[in-house]
1. Report the gain in length on full extension from PHE291 to GLU200: 0.36 nm times residue separation, minus Cα-Cα distance, nm rounded to one decimal.
2. Are there trypsin sites (Lys or Arg not before Pro) in region 77-159 that DSSP marks as loop and that have at most 14 other Cβ atoms within 10 Å, and which are they?
3. Evaluate the distance, in nm, between pseudo-label points positioned 7 Å from the Cα of ARG37 and of ALA397 along their respective Cα→Cβ axes.
4. Add -39500 (n - 2.57) for each DSSP H run of 4 or more in the chain, then divide by its residues: what number comes out at 222 nm, to the nearest 500 deg cm²/dmol?
5. Full-extension gain between ASP107 and ASN183, please, as 0.36 nm times their residue separation minus the C-alpha to C-alpha distance.
6. How are the Cα pair distances of region 54-166 distributed, in percent, across 5 Å bins from 0?
7. Counting only C-alpha contacts under 8 Å and six or more residues apart, can you give the relative contact order of region 234-331 as a whole percent?
8. Could you please state how large a percent of the accessible area of region 330-439 is carbon and sulfur, counting protein chains only and using a 1.4 Å probe?
Amino acid sequence: MSEIVRIYGAGLAGCEAAWQVAQRGVKVELYEMKPERYTPAHHSPNFAELVCSNSLRSDRVTNAVGLLKEELHRMGSLIMEAAYATRVPAGSALAVDRNLFSEYVTDKIKNHKNIDIIQREVYTIEEGTVTVVATGPLTSDKMAAYIENTLGCKGLHFFDAAAPIVDAESINMEVAFFASRYNKGDADYINCPMTREQYEAFYEALISAEEAQLKDFDREMQKELKVFEGCMPVEEMAKRGRDTLRFGPLKPVGLVDDRTGRESYAVVQLRRENAEGSMYNLVGFQTHLTFPEQRRVFRMIPGLENAEFMRYGVMHRNTYLNSPEYLNATYAMRERPDIFFAGQMTGVEGYIESAGSGFVAGVNAAARVLGKDPVVFPRTTMIGAMAHFVAGGAVGAFVPMNANFGIVEPLAERVKGGKVARYEVVARRALEEIERRLPELF
């Protein structure tokens with residue numbers, strides 16, 4: 001058995017895994033193909049690049065991903081350390097300045113005495129070397145072929161979409177207004193209200209707009225286009241029904257314009273993209289419309305008539321494994337326990353979920369090198385529930401999954417007071433379990 005751990009990919013999962021291995025005194029070789037080669041969605045040479053939203057979602061423990069954040073924070077997660085150090089105002093959500101966040105993680109990784117960085121593409125795994133594959137949802141074709149053909153893991157494909165970003169100064173605040181839904185937290189969101197007539201016109205333009213051609217992907221994949229619900233292009237969502245958006249990202253409930261004292265027919269929300277508040281992204285507006293069409297259609301939104309787009313939405317491929325067939329709850333291969341997978345390749349969906357899988361894979365990769373017992377988190381914790389879901393908790397066809405309370409082990413007895421009261425008990429149980437297990441993390 002090797003005395004090092006090789007980690008492929010310096011995204012959130014790979015960086016978290018590298019940090020956990022290195023913190024346990026084990027040498028790490030971290031391979032990253034940037035800047036030698038970029039995927040269609042990556043643009044920065046830094047590690048842990050956020051290519052979709054800058055929001056890490058709720059930071060409340062009564063929210064599933066909020067609980068996962070707290071679990072990771074208590075166990076020494078690098079990703080959570082970076083997130084808290086670079087957060088920007090976003091109401092009850094944890095959002096970060098994406099550039100500062102990436103720079104923070106990169107600096108920590110590059111300056112760790114136990115981590116050596118090799119910046120080149122790799123697509124084979126050396127026999128007998130403990131390896132964590134965290135090459136992400138945009139894994140290169142060569143690496144994907146190696147995983148499928150040599151390791152025998154059949155890859156599945158779906159598509160992901162990123163939302164556009166606009167210049168804050170170009171937003172018409174005589175029309176838009178600041179507010180958070182139900183006045184929860186600070187009024188950090190910019191809201192663009194729509195009348196029924198404005199919504200109808202926008203809806204018709206959206207569903208008839210020209211979509212970008214997916215030239216980089218093979219025809220068979222395009223025919224079998226699969227879109228994960230949590231990141232569905234806004235135009236695809238709109239085509240499900242005239243009012244689908246009004247019950248989704250354009251839901252007006254709880255957003256009252258103080259100037260009128262009323263809720264609107266529909267509301268588009270914009271969330272701060274950076275610490276300075278100079279950029280805002282359109283919440284829920286992941287898209288693969290052509291750039292000219294995005295400019296035309298999204299400028300129909302009241303308040304965005306003269307919006308300057310600092311980044312247009314993009315569409316890109318994601319790759320994940322049929323993990324229940326191949327992985328266990330440490331994210332190691334059942335047939336090759338010296339090989340671990342982490343990140344969205346495993347079927348976890350979301351930034352924090354990816355970091356959580358990297359944490360588990362990293363801890364267990366280090367344990368394997370050091371001759372220690374595997375660390376398996378129980379389903380009473382969110383980090384354990386995600387791992388057990390990936391290892392076989394899916395019902396029917398395996399599809400990507402966010403952290404949610406539905407995959408956590410149920411409470412033994414009923415809790416009075418409704419859903420929030422029940423989640424408070426679930427969270428308390430989880431965090432107590434994490435505290436008990438801290439000594440196991442050596």
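The values are calculated or read from the model by the stated rules, or taken from the named source; none is laboratory data. Nothing here was measured: the structure is a model prediction, and the numbers come from that model. Note that we place each Cβ from the backbone using ideal geometry, even for glycine, and neighbour counts take in every protein chain shown. For accessibility, only protein heavy atoms count, side chains too; no ligands or nucleic acids. Shrake-Rupley method; radii C 1.70, N 1.55, O 1.52, S 1.80 Å.
1. Here the segment from PHE291 to GLU200 would lengthen by 30.6 nm.
2. Sparse-neighbourhood loop trypsin sites (Lys or Arg not before Pro): LYS113, ARG120, LYS154.
3. Result: 2.9 nm between the two label points.
4. Value at 222 nm, helices only, nearest 500: -9000 deg cm²/dmol.
5. Value of the extension gain: 23.7 nm.
6. That works out to 2, 9, 13, 16, 16, 17, 17, 8, 2, 0, in percent per bin.
7. 18 percent
8. C and S fraction of accessible area: 52 percent.
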